[in-house]
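Right, one structure below, let's go through it.
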Amino acid sequence: MLTTIKAFFGGLLSNVWLILALAMVAVLVLQHLTIGSLQRQRDLLQQNVAVIEANRDAWKQTTETLAESLIAQVEERQAAEAAADELARRLREIDEHGYAPLRQAIRAAPETDDGAVAPVLAHAIEALP
């Protein structure tokens with residue numbers, strides 16, 4: 001009977017070792033498949049990162065170009081406004097020192113100073129600012 005019990009437990013132990021060996025093989029295969037899947041996912045993510053970085057760099061360049069253009073337009077506008085202000089100042093100065101006294105002198109002149117003037121000349125003088 002002792003031999004029968006030894007044979008039973010010996011067979012059971014060899015079955016346990018076989019099951020453990022099969023389980024280990026299954027774990028190793030599953031681990032290998034999981035590692036391969038993770039490596040493929042990593043490769044895809046690295047490709048996505050490269051595309052995203054290229055897009056980022058392109059948008060950054062576009063943004064920098066637009067910012068430089070905007071700065072140039074602001075500077076051009078400021079220069080145009082300064083030129084317009086200078087022109088307005090010069091026109092006021094010309095009007096104050098040039099035409100205003102002439103207009104006042106013409107308006108203040110008595111009618112006896114009026115003489116015969118060619119109509120074209122009269123119209124040209126009246127049209128002056």
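None of the figures in this text is laboratory data; all of them are computed from the coordinates on show. Note that the structure is a prediction, hence the values are computed from the model and not measured. Because the Cβ atoms are built from the backbone with ideal geometry, glycine has one as well, and the counts that use them run over all protein chains shown.
Let's test the formula: R0 of 25 Å, r as the Cβ-Cβ distance of I71 and V49. What FRET efficiency results, to the nearest 0.05?
Calculated value: 0.20.
Would you calculate the separation in nanometres between label points at I94 and R56, each defined as 7 Å from the Cα along the Cα-to-beta-carbon direction?
My value for the distance between the label points is 5.8 nm.
Hey, of [x] 10.2; [y] 18.2; [z] 11.7, which did the structure itself give for mean projected area of the Cα convex hull in nm² when calculated?
[y]
For the chain, set up a GNM with springs between Cα atoms under 10 Å and report which of R77, R40, R107 has the largest fluctuation.
Comparing R77, R40, R107 in the GNM, the peak value goes to R107.
Mean Kyte-Doolittle of at least -1.0 plus a Cα span of 15 Å or more along the axis: flag which DSSP H helices in the chain meet both, please.
Those that clear 15 Å and a mean of -1.0 are 2-94.
Just want the answer: with Cβ charges of +1 for Lys and Arg and -1 for Asp and Glu, which residue in M24, Q41, A82 is farthest toward the dipole's positive end in the chain?
Of M24, Q41, A82, it is M24.
How far apart, in nm, are the 7 Å Cα→Cβ label points at D85 and L33?
Label-label distance for D85 and L33, simple model: 7.8 nm.
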